[in-house]
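Down below is the structure, laid out as structure tokens.
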Amino acid sequence: MLKPWEVVGRGMLPPWSMVRANARGLLAIARILLGNLAAVRALMRQSRRWTYEPPPRGYELPEYEAGMVNRSSRKKYLRPTLYCDCRDRRITAMAQRLGAGGTSARAFAETAFDFVKRNVAFEISPLADAADVLGRGAGSCLHKISLFVALCRAAGIEARYRFFSLTMLDNYMEPEFERAPLIRKWYDAMGSFLLHGSGEARIGGEWVCADVGAEPPRQAASGLPLTRFGEDSIGLWLFPVPGTMFRSESVPLGLGWPAKFLMKRFAGTVAGFNAGILEQIEKGRRIIEAAGGEAAYDAGARRRHGATVAAQGLLEPNERIVFQRD
Amino acid sequence: MSGGYEATIAAFDRRMAGYIPPRSAWTPVDEAVYGPPDPFRVPEAEARRLRLAAIRYSFTRHYEQNRFYHRLCSEHGFAPRHLRGPGDLARVPMLPDRLFREYPPGRDFALWLGNLFSGELPRIVVAKADPGPDAVLEAFRRAGLEIAFSSGTSGRLKFVPRDRPTFLALQYTFMKSVVAMLYPHWDRRAHVYLMMPDPRRTALYAGRSCEAFFSAFDQVRVGLDRAVSAGQVRAAMGGGGGVRGMIARSLARRGTRRLVADVTRWLESREKGGEKIALVGPPFVLAAVMDRLQREGRAFAFGERAMIGTGGGWKTHEGRRLPLADFRARVERTLGIPGRLCLDGYGMVESNAFMVHCPEGHYLHVPHSFFEPLVLDNDQRPLPRGEWGRFAFLDASAASFPGFILTGDRARLLERCPACDRPGPVLDPEVRRLDGEEARGCAEEVRRLLAADLGGRRE
């Protein structure tokens with residue numbers, strides 16, 4: 001049991017921006033539920049059509065063996081935090097398999113990034129510890145970040161979370177929204193989604209972004225480049241709501257029970273959403289295959305997205321524009 | 001209206017005199033924009049000549065008077081001397097439309113906007129050292145510039161600077177496209193209902209582009225009769241905004257119900273009076289009105305004395321695409337307005353041109369005397385007519401910014417309209433966003449402004 005000052009010290013207290021965003025989110029869904037009962041029932045009935053069969057785990061779990069070294073410590077960003085027990089034996093064993101201790105920090109972080117991004121299927125489910133996510137082979141962005149952070153900490157690399165509320169490209173979420181119209185309504189009511197994030201690993205003194213949430217086929221389904229370790233999805237398919245971004249050593253307290261309640265109460269909607277993700281992944285696989293493989297697809301997508309003009313010159317001083325002092 | 005098309009358009013031009021520059025001062029761009037009596041019936045050879053001259057003039061101007069664009073052209077190794085004939089048009093360097101939303105915050109936003117501007121920028125005095133976007137927009141407005149904005153669903157606004165001549169050209173071409181396509185149905189005495197924010201009280205492109213309705217018609221009513229600021233649109237589209245955002249969304253919800261009720265009352269009153277009417281706005285508002293009428297078991301029979309103009313995208317409250325043909329069939333059943341008088345348009349904040357359905361086949365006709373449409377492949381090479389690809393265009397009528405734009409829309413160009421005898425290329429009406437591009441559409445903006453929750457169901 002953590003002491004109150006440890007809760008604060010480990011970044012488990014949610015910042016005010018997140019409390020406010022969550023309160024708004026709950027208010028929004030309460031308003032939808034109470035003000036539109038008939039419509040909500042109809043939407044829930046629509047979602048019940050969907051069944052969701054979680055995909056099988058795409059990798060073997062390594063056995064923990066005596067002598068495997070866990071390099072986490074009691075230092076900030078290297079210690080266990082909420083939903084991120086980096087000392088769990090299953091995490092130690094996987095970190096070992098991914099090269100912990102035998103390779104550079106950057107090389108390990110890249111391997112861990114690739115492993116989590118590609119092999120852990122995206123799925124909306126109640127919050128769980130990183131080791132359980134590893135065992136199940138599926139989880140939401142939050143689960144996947146926790147797993148990445150735990151693997152890095154187990155390898156002795158400082159790692160943390162970056163969270164924000166966001167808006168997204170419409171077509172990115174289309175298959176999910178199609179099967180979970182209630183979530184679309186919630187999104188419309190809020191104008192944004194409550195929480196998303198990415199991991200960050202400290203390499204050579206710099207925090208490097210690890211956007212592990214979206215598998216390559218999901219990005220390909222929307223024609224996006226496949227983000228690599230160090231590349232951000234901000235501006236690509238997601239857009240943080242100004243003022244909501246924060247970085248933290250831990251997943252904040254208070255997310256678990258509302259998520260569990262909503263997922264239980266709206267199981268059909270969640271199943272529809274997850275079924276939409278599977279369809280999106282399938283579509284993306286076909287696109288990658290048609291492009292001649294991941295490298296060829298990615299090269300083409302980067303060419304299309306890199307077409308943005310080098311906008312040098314747009315910020316040069318302009319003598320016709322005068323700024324008055326406040 | 002009697003006296004044939006020429007008389008109609010002469011009457012229209014008289015009403016729109018304030019939008020047309022004096023003939024003695026016409027440039028090749030003005031010749032192409034204001035010269036043709038019907039923008040969709042310019043003979044092809046004539047249109048080609050006007051278009052090339054206008055684009056050459058416009059390109060040279062931007063090349064010489066816009067440092068940023070000049071630099072871009074230098075990087076592409078393309079200068080006015082390389083623009084010799086129609087075959088060179090596809091080589092004109094184009095700006096991706098997303099450039100217009102890649103702006104920095106604070107005072108840099110003012111510099112970004114000012115440096116996008118082609119020509120002599122008026123003196124802009126920004127009242128703060130570290131201004132927010134609305135303070136910058138206000139400073140540009142005070143200097144006589146129109147900064148239209150539009151938003152994708154991310155809530156990130158796009159800003160496009162227009163000087164007075166460019167703004168007037170936008171208004172004129174927009175209105176004339178509608179009047180020409182609806183001939184002989186334009187009548188200044190018709191009652192118009194604009195189901196959108198008041199064009200005179202917003203810089204939102206979805207509303208602003210319709211200001212000329214107040215000049216072309218005597219009786220214009222507006223659905224959202226309040227000022228709509230950039231901040232409100234951002235709050236409606238992208239969430240956030242704290243208490244102000246919540247208030248904006250709350251107002252929006254009330255707005256939807258009020259708007260649908262008001263349109264219904266207006267229709268009742270116009271039917272009783274036997275007046276000519278025009279309903280203009282995003283399709284989903286009209287869909288909500290028709291939902292209400294159907295629920296109440298009511299219908300109108302306006303027949304030939306009504307017109308419907310829609311634009312901005314075809315998504316409903318549920319985010320689904322409304323099939324255009326179904327929509328027209330519903331209009332016919334519920335309002336008694338023939339499908340051929342129900343026309344949709346396609347335009348965007350980065351362009352002055354407006355492509356309009358023809359009544360015969362509902363293909364999108366291009367004002368080809370000043371606007372060169374292109375469909376490109378992934379390597380930005382022009383595709384043959386009939387193939388789907390990225391839509392791009394060279395719009396000569398934009399004087400204050402380079403109107404040579406690479407859009408995020410997927411489109412198909414046809415050499416001729418399969419349904420009518422108007423010359424010039426047409427776009428397949430099924431224009432959509434390309435994968436990986438932010439969804440946009442003025443209808444989506446108005447939808448979110450008006451309907452931040454299950455709006456449209458409880459009106």
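So here's what we get for this one:
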item	result
5 angstrom amide H check on residue B:278, placed H, neighbours 5+ away	B:191, B:192, B:193, B:307
The stretch A:255-283 and the stretch B:48-106: distance between their alpha carbon centers, rounded to Å	48 Å
Rounded to the nearest 10 Å², the accessible area of residue A:209 at probe 1.4 Å	20 Å²
Amide proton proximity set for residue B:409, modelled H, under 5 Å, gap of 5+	B:391, B:434
Alpha-carbon Rg with Dmax, taken over the stretch B:75-120, Å	14.5, 43
Gained length - residue A:282 relative to residue A:325, 0.36 nm times residue gap less alpha-carbon distance	9.8 nm
Nearest-10 value in Å² for the accessible area of residue A:323, using the 1.4 Å probe	40 Å²
Calculated from backbone phi, Karplus (6.51, -1.76, 1.60) coupling profile of the stretch B:122-128 in Hz, x at Gly/Pro	x, 5, 10, 10, 8, 6, 10
Other protein chain Cβ atoms within 10 Å, averaged over every residue that makes up B:109-116	5
Bins of 10 Å from zero: percent of alpha-carbon pairs in the protein assembly as shown	3, 13, 22, 24, 19, 12, 5, 2, 0, 0
Equivalent ellipsoid semi-axes, the stretch B:333-385, via Cα gyration tensor eigenvalues times 5, rooted, Å	29, 13, 10
Within 10 Å of each Cβ in A:217-223, the average number of Cβ atoms from other chains	2
Sequence ranges B:34-44, B:160-170, B:120-130, ranked by mean other-Cβ count within 10 angstrom, highest first	B:160-170, B:34-44, B:120-130
Hydrodynamic radius by Kirkwood, which averages 1/r over all alpha carbon pairs of the stretch A:4-305, in angstrom	19.8 Å
Ranking by accessible area, most exposed first, for B:191, B:357 with a 1.4 Å probe	B:191, B:357
Ranked order, B:84, A:45 - accessible area, probe 1.4 Å, largest first	B:84, A:45
Per residue accessible area in Å² of the stretch A:4-305, where ligands, DNA and RNA are left out and the probe is 1.4 Å	41 Å²
The stretch B:114-190: C-alpha gyration tensor shape, a/c 1.5 cut-off, then a/b vs b/c	prolate
For residues of B:122-128, the mean tally of beta carbons on other chains within 10 Å	4
Under-5 Å amide H pairs with residue B:124, H placed in peptide plane, nonlocal only	A:321, A:322
Burial order of peptide ranges B:172-180, B:409-417 (average beta-carbon count within 10 Å, highest first)	B:172-180, B:409-417
With DNA, RNA and ligands ignored, accessible area of residue B:388 (1.4 Å probe; Å², nearest 10)	90 Å²
Over 20 Å [Cα-Cα, the stretch A:1-142], rounded percent	64 percent
Note, ³J(HN,Hα) from phi for the stretch A:247-253, Karplus 6.51, -1.76, 1.60, rounded to Hz, x at Gly and Pro	10, 8, 6, 9, 5, x, 5
³J(HN,Hα), Karplus 6.51/-1.76/1.60, whole Hz, each residue of the stretch A:106-115, x for Gly, Pro	5, 4, 5, 4, 5, 5, 5, 4, 4, 4
For the stretch B:27-92: span of alpha carbons on each principal axis (Å, largest first)	38, 22, 15
Magnitude of the charge dipole, the stretch A:4-305, Cβ model with Lys/Arg +1 and Asp/Glu -1, debye to 20	720 debye
Residue-averaged [θ]222 nm for the protein assembly as shown, counting only DSSP H segments that reach four residues, each worth -39500 (n - 2.57)	-13000 deg cm²/dmol
Anisotropy class of the stretch A:157-249 from Cα gyration tensor, a/c 1.5 cut	oblate
For the stretch B:382-422: rounded, prolate or oblate by the Cα gyration tensor [a/c cutoff 1.5]	oblate
Total formal charge among the other residues, if their Cβ is under 11 angstrom from that of residue B:190, Lys/Arg +1 and Asp/Glu -1	+2
Cα coordinate range in the stretch A:237-308, projected on the principal axes (Å, largest first)	44, 33, 20
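The values are calculated or read from the model by the stated rules, or taken from the named source; none is laboratory data. Worth saying up front: this structure is predicted, and the values here are computed from it rather than measured. Backbone-built Cβ (ideal geometry, glycine too); neighbour counts: all protein chains shown. Heads up: the accessible areas ignore ligands, DNA and RNA and are worked out on the full protein's heavy atoms, side chains in. Shrake-Rupley method; radii C 1.70, N 1.55, O 1.52, S 1.80 Å.
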